[in-house]
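Student: The structure that follows is given in the form of structure tokens.
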């Protein structure tokens, strides 16, 4: 095992042990990580990247090319002031709410999936499975496929993508424009030979030079977020090497493959233990990490009760699942919320109207989750004297800071989330105006 792999592997093991210790002591952390998962992590060959806390383009150094996909660049962390103020007003004068979001939609490939795609391709190359001129195969809800197709084009690989037939036509068009061969598959249960992942496996097995770096089961996915997204959040909110990030109270996002929530939650929990977070935050033992799960997905029930159960359906691409992936097994989450199509559409239009953010429905649902997490923390925390405050005196307020992920741009959903005819047909036409957030259900 190389030194860089040992480093990543060791940090994962430390985080597992510390999180399990915290769970035993406080009984408030549900960890899905098992020994099989971190033994498999030893096979992940990842070069650690030096991350900075600000968005920057790579600079040329002697003998090094400044390629577009040469490294994962940090994304901006931005405040959502209007949403934060709306939640503060809802909660009353006791709290000062700050909701922040990672602008993953601003990556060169247009989504958070650039991180996973980059790591998946790199591990395939370094393992020797992916050779020059080879074919990258992926079953995807769209964004991973788009990121892979763009990186593949820059490296001279062919790309074969299998997708569910209900994926946004905007994504399908983009995949084809990027030169990927696209196979649309019926929406059938996982394990059915017609399922898009089964079709990807079959194509990879039958095609010489083809490689399937399975984003669901390949731990390079969550490692990408443990190595990059988590450290960026910690640093951008005032943590950093040797620092304590008492500013961050919670993190929430949805899951499909589970890579983002697994890598980020594991990193944040590890940092809380290593930096004695509970000594600096009077309200909780570590950063609260939560899942927001769409209608029709079984992850919420699994997190809460250990069994997969679901009802209904949702139109949102790329999130929600009713099985435990290898990546989700590595997640350390404290709880879960349910989100639905109406909440996602209303929030997407709220963000466009009030924050000037044009993002997709999964990003919008993440922001719905942020509102629900703030409400949850406000209910759990005392408002008595001695609580940490923003400032002293009669106007003293208790700060709550929650972070989430803006997964992709609204450009990929012009035919759905931002199409008035489609919304009317689905009964999802937005009805709320101004800064009203009462469309976010109470839990």
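The values are calculated or read from the model by the stated rules, or taken from the named source; none is laboratory data. Quantities reported herein were computed from a predicted structural model and do not represent experimental measurements. A quick note on method: Cβ atoms are made from the backbone with ideal geometry, for glycine too, and the neighbour counts reach across all protein chains shown.
Student: Of the conditions (1) surrounded by fewer than 18 Cβ atoms within 10 Å (Cβ to Cβ); (2) at pLDDT below 50; (3) part of a loop (DSSP other than H, G, I, E, B), residue 71 clears all except one; give me its number.
Tutor: Tallying (1) surrounded by fewer than 18 Cβ atoms within 10 Å (Cβ to Cβ); (2) at pLDDT below 50; (3) part of a loop (DSSP other than H, G, I, E, B), residue 71 fails exactly one: (2).
Yes/no per residue for (1) in the same structural domain as residue 377 (by TED's automatic domain parsing); (2) over 23 Å from the mean Cα position of the chain (by Cα); (3) outside any loop (DSSP other than H, G, I, E, B):
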residue: 269; (1), (2), (3): yes, no, yes
residue: 273; (1), (2), (3): yes, no, yes
residue: 282; (1), (2), (3): yes, yes, no
residue: 297; (1), (2), (3): yes, no, no
residue: 302; (1), (2), (3): yes, no, yes
residue: 307; (1), (2), (3): yes, no, no
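Student: Check the range 331-353 and report whether any residue there is more than 30 Å from residue 435 (Cβ to Cβ) and in the same structural domain as residue 375 (by TED's automatic domain parsing). Outline the logic, then answer.
Tutor: As a first pass, look at the range 331-353 and keep what is more than 30 Å from residue 435 (Cβ to Cβ): 331-332.
Retained after the next criterion (residues that are in the same structural domain as residue 375 (by TED's automatic domain parsing)): 331-332.
The answer is yes; a qualifying residue exists.
Student: Restricting attention to the range 201-239, which residues are farther than 25 Å from residue 135 by Cα, out of contact with any helix residue (DSSP H, G or I) (no Cβ under 7 Å at 6 or more places or on another chain) and at pLDDT below 95?
Tutor: 235, 236, 237, 238
Student: Test residue 96 against the criterion of being touching a helix residue (DSSP H, G or I) at 6+ places or on another chain (Cβ under 9 Å) and in a loop (DSSP other than H, G, I, E, B), and give yes or no. It would help to see each step written out before you state the result.
Tutor: On the way: touching a helix residue (DSSP H, G or I) at 6+ places or on another chain (Cβ under 9 Å): yes; in a loop (DSSP other than H, G, I, E, B): no.
So residue 96 fails the test.
Student: Something else now. Which one of the conditions (1) surrounded by 24 or more Cβ atoms within 10 Å (Cβ to Cβ); (2) part of a helix (DSSP H, G or I); (3) in contact with a strand residue (DSSP E or B) (Cβ under 9 Å, 6 or more places away or on another chain) does residue 116 fail to meet, given that it meets all the rest?
Tutor: Answer for residue 116: the failing condition is (3).
Student: Continuing with this model, one more query. I'd like the full set of residues that are on the phi > 0 side of the Ramachandran plot and free of Cβ contacts under 8 Å to residues at least 40 places away in the same chain, limited to the range 304-354.
Tutor: 306, 312
Student: Look at residue 142 and say whether it is outside the structural domain of residue 416 (by TED's automatic domain parsing) and either without any contact (Cβ under 8 Å) to a residue 24 or more places away in the chain or crowded, with 22+ Cβ neighbours inside 10 Å (or both). Before you say what the answer is, go through the steps one by one.
Tutor: On the way: outside the structural domain of residue 416 (by TED's automatic domain parsing): yes; either without any contact (Cβ under 8 Å) to a residue 24 or more places away in the chain or crowded, with 22+ Cβ neighbours inside 10 Å (or both): yes.
So residue 142 passes the test.
Student: Could you say whether any residue in the range 256-274 is out of contact with any helix residue (DSSP H, G or I) (no Cβ under 9 Å at 6 or more places or on another chain) and surrounded by fewer than 24 Cβ atoms within 10 Å (Cβ to Cβ)?
Tutor: Let us first name the residues in the range 256-274 that are out of contact with any helix residue (DSSP H, G or I) (no Cβ under 9 Å at 6 or more places or on another chain), namely none.
Checked against the condition, which is being out of contact with any helix residue (DSSP H, G or I) (no Cβ under 9 Å at 6 or more places or on another chain) and surrounded by fewer than 24 Cβ atoms within 10 Å (Cβ to Cβ), the range 256-274 yields no hits at all.
Student: Another question, if that's okay. When residues of the range 398-422 are filtered for being surrounded by fewer than 19 Cβ atoms within 10 Å (Cβ to Cβ) and either under 16 Å from residue 99 (Cβ atoms) or not assigned by TED's automatic domain parsing to the domain that holds residue 351 (or both), how many remain?
Tutor: Result for the range 398-422: 1.
Student: Additional query: Here is a list of conditions, (1) modelled with pLDDT of 65 or more; (2) in contact with a helix residue (DSSP H, G or I) (Cβ under 9 Å, 6 or more places away or on another chain); (3) surrounded by fewer than 16 Cβ atoms within 10 Å (Cβ to Cβ), and residue 89 meets all of them except one; can you say which number that is?
Tutor: It fails just one condition, (2).
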